Amino acid sequence: MSDEWADESEQGAPSKSERKRQMHALQQLGERLVALPQAELDAINIEDERLREAVDQARRIKARGGLRRQLQFIGKLMRSIDSSTIEAALKARDQQHGNSVQRLHQIESARDKLLSDGDNALGEILSAWPSAEPALLRQWHRQYPREVKKGNERAHRRKLFRYLAGLDEEDSVTD
């Protein structure tokens, strides 16, 4: 009996544990599809109509047990299709989201640096966003201490963030 098992493992057939890991990975992929906003789900090319219907139905299910069974069914359906296109679409979505978060952090950092360092940070901001108006940025820096005294610090910071985000958006459109 052990000789048969050894022959089977040498032939390259995945073990039961490996098959279970693959099943769980496909089920998690299905869970990610169910959790996507409708617009992003529509952007993903799901060729199997049964899978598309199963995902849509899972989005409507509120009962936990029913949702769990539906997700298992989605995982089963995903085993019969080539999931590489779905995985690639989700990976591209994740990368786009990561880039967006990185840009927002860059904008926050530039805003904080301008408010704390003033003219010293101005060159860095102008190199990142050449269309920025230096006079307006200096004015925001000078106004910041007065806005803090008035209690409008958050509004002032938000206003500057929106300005820099708008510049970033303009630069990304022109690229």
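Given a Förster distance of 35 Å, report the FRET efficiency between residue 171 and residue 62 from their Cβ-Cβ distance, rounded to the nearest 0.05. The pair residue 171/residue 62 has a calculated efficiency of 0.20. Residues in the stretch 83-104, backbone N under 11 Å from the label point at residue 31 (7 Å along the Cα-to-beta-carbon vector): list them, ranges by number please. Nothing falls inside the zone, counting backbone N under 11 Å. Longer than 20 Å from Cα to Cα, which of 62/91; 16/76; 20/76 are they? Say none if no pair is. From the list (62/91; 16/76; 20/76), the Cα-Cα distance tops 20 Å for 62/91. A dipole drawn for the stretch 97-174 from +1 and -1 charges on Cβ atoms has a positive end, and of 122, 155, 172 the residue lying farthest that way is 155.
Summing Cβ point charges (Lys, Arg +1; Asp, Glu -1) relative to the Cα centre of the chain gives a dipole of roughly 1420 debye.
Of all lysines in the structure, those lying under 24 Å Cα to Cα from residue 159, and not within fewer than 8 positions of it along the same chain, are 113, 149, 150.
If R0 equals 35 Å, the separation of the Cβ atoms of residue 161 and residue 93 corresponds to a calculated FRET efficiency of about 0.90.
Charge tally for residue 93 (other residues, Cβ to Cβ under 13 Å; Lys, Arg +1; Asp, Glu -1): -2. Remark: spin-label model distance residue 47-residue 69 equals 3.1 nm, labels positioned 7 Å along the Cα→Cβ axis.
Bear in mind these aren't lab numbers, they're just calculated from the coordinates by the rules spelled out. Since the model is a prediction, treat every value here as computed from it, not as a measurement. Note: ideal-geometry Cβ built from the backbone for every residue, glycine included; neighbour counts use all protein chains shown.
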